[in-house]
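Peer 1: Structure in structure tokens, see below.
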Amino acid sequence: MPSRFFLAPLAGYTSLAFRLVARELGGLGLATTDLVNARSLLEHRRRAFELIETCPEDRPLAVQIYGPAKEELCAAAQMLEARGVSIIDLNMGCPARKVVRGGGGSAMMREADKTVALVRALVESVKIPVTVKMRLGWDDANITAPFFAREFEQAGVAAITIHGRTREQGFGGSVNRAGIRAVVEAVERIPIIGNGDIRTVEDARTMFAETGCAAVGIGRGGLLDPWIFRQCEAELARGGKTAPPAYEDRVDFMARHFEKLMALRTEKVACVLFRKIAKWYGIALRAPRPMRHRLVMIKDATEFRALIAELRATRPRATAAGSHEPHIPVPSGPNERW
Ligand SMILES: Cc1cc2nc3c(=O)[nH]c(=O)nc-3n(C[C@H](O)[C@H](O)[C@H](O)COP(=O)(O)O)c2cc1C
């Protein structure tokens, strides 16, 4: 891996366009696609194939699959291997109802024997490495990650990412680093990737120090500040310093993200996809409210480019540091209804 600072997948955000622009900044190790339904791949659904879209500059990359059925997961993994994918990541952490209801995502953490047999079969079905991403367990009374990690290592899993929360916790509360440490201690040699709430270089340093993990996965922190990978690499791996991005750098990044999206999709589709992402770019740039509004309503590239020119000419409003943190929507409320 080029670095120990990985991009954790954020479905709908960390698509190929974002990954390519983020990789240009440097410091990013492994990236992972959005979770893809194994059955949708086998049924050749267009949406599933858009999710696994990649190119030579988008390396190293793991394709993340999910689903409850062993045969489907193995067949999907073989199909991906035949297409040149180099790492398969199994999603065992997603708390969303539509994933858990069918027995996929974090629901797999409730079924010890079935899940271990499934992972064993998945590893044996392909020659490429299989990794797993999971949470600490279903709830506080069922912290099963150390057990699974041990079993998965025996089964031949190459690495495991642990989001230091339970399924019941959703995205609330804080990350349990002692819980991640217990997983690190449960395995003999495979790398454990610590994940959850890393927003700064200091957070990454703490994750390494308190858990003994081999690498860190950065999700929302990487989306809000894609320079974090380069900063972590400079400060934690090389002991140096990097300057934080300037306002102009952030505007440039957003412009490049949009242009890349447009090159990969049509102009119309890029505009629709970008609206959701533009919301937090607008806040991160502290753009005046009317500009933020226009940003999430863009209709075509001409309008977007004009807005970029205006943003370049506009100085950001002075706001107390940290008070503008954009919010990336996460499922909330009673988690039975996610
Ligand atoms: C909007 C959103 C989408 C996510 N999509 C995925 C996904 O497709 N696969 C996955 O394994 N985790 C997914 N996650 C979980 C993240 O990868 C990560 O484990 C979690 O957000 C905690 O890390 P962070 O605090 O660095 O974001 C998602 C999280 C969010 C907020």
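Peer 1: For the stretch 138-147, state whether one or more residues are crowded, with 23+ Cβ neighbours inside 10 Å and more than 18 Å from C94 (Cα to Cα).
Peer 2: Going through the stretch 138-147, the residues crowded, with 23+ Cβ neighbours inside 10 Å turn out to be 145.
Going one step further and asking which of them are more than 18 Å from C94 (Cα to Cα), we end up with none.
Scanning the stretch 138-147, I find no residue that is crowded, with 23+ Cβ neighbours inside 10 Å and more than 18 Å from C94 (Cα to Cα), so the answer is no.
Peer 1: Within the set of pairs 6+ apart or on separate chains, which have a first residue in the stretch 226-244 that is assigned to a helix (DSSP H, G or I), a second that is of a type in the set (K, R) and surrounded by fewer than 18 Cβ atoms within 10 Å (Cβ to Cβ), and C-beta atoms under 7 Å apart?
Peer 2: That search, which allows pairs on different chains as well, returns A234/K241; E235/K241; L236/R205.
Peer 1: Please determine whether any residue of the stretch 144-159 is more than 16 Å from the ligand (Cβ to nearest atom) and within 23 Å of G221 (Cβ to Cβ).
Peer 2: No: zero hits.
Peer 1: Report yes if T115 is of a type in the set (S, T, N, Q) and within 19 Å of G173 (Cβ to Cβ), otherwise no.
Peer 2: no
Peer 1: Condition first: over 21 Å from G12 (Cα atoms), among the charged types (D, E, K, R) and out of contact with any Lys or Arg (no Cβ under 8 Å at 6 or more places or on another chain). Now tell me which residues in the stretch 253-293 satisfy that.
Peer 2: R289
Peer 1: Moving on to the next point. Of all residues in the stretch 141-180, count the ones that are modelled with pLDDT of 95 or more and either acidic (D, E) or assigned to a strand (DSSP E or B) (or both).
Peer 2: Count: 10.
Peer 1: I've got another one for you. Can you run down the residue pairs with Cβ atoms below 6 Å, 6 or more apart or on separate chains, where the first is in the stretch 113-127 and under 18 Å from Q78 (Cβ atoms) and the partner is not in a helix (DSSP H, G or I)?
Peer 2: As it stands, the answer is L122/V130; V123/V130; V123/G156, since those pairs meet every condition given.
Peer 1: Answer yes or no: is there a residue in the stretch 274-284 that is outside the structural domain of I193 (by TED's automatic domain parsing), in contact (Cβ under 8 Å) with a residue 24 or more places away in the chain and farther than 28 Å from F171 by Cα.
Peer 2: no
Peer 1: In this structure, is G222 part of a helix (DSSP H, G or I), more than 13 Å from the ligand (Cβ to nearest atom) and either of a type in the set (V, I, T) or touching a Leu at 6+ places or on another chain (Cβ under 6 Å) (or both)?
Peer 2: no
Peer 1: Further question on the same structure: When the stretch 181-210 is examined, which residues are found to be more than 10 Å from the ligand (Cβ to nearest atom), part of a helix (DSSP H, G or I) and not aliphatic (A, V, I, L, M)?
Peer 2: Across the stretch 181-210, the qualifying residues are R181, E185, E202, R205, T206, F208, E210.
Peer 1: I've got another one for you. If you check every pair at least six apart or on different chains, which have Cβ atoms under 9 Å apart with a residue in the stretch 205-216 that is touching a residue at least 24 places away in the same chain (Cβ under 8 Å) first and a residue that is among the aromatic types (F, W, Y) second?
Peer 2: A214/F208; A215/F5; A215/F6; A215/F208; V216/F5; V216/F6; V216/F208
Peer 1: Can you tell me which residue is surrounded by the most Cβ atoms within 10 Å (Cβ to Cβ) among those in the stretch 283-302 that are part of a helix (DSSP H, G or I) and modelled with pLDDT of 95 or more?
Peer 2: A301
The values are calculated or read from the model by the stated rules, or taken from the named source; none is laboratory data. All of these numbers come straight from a predicted model, not from anything done at the bench. Ideal geometry is used to build each Cβ from the backbone, glycine not excepted, and the neighbour counts take in all protein chains shown.
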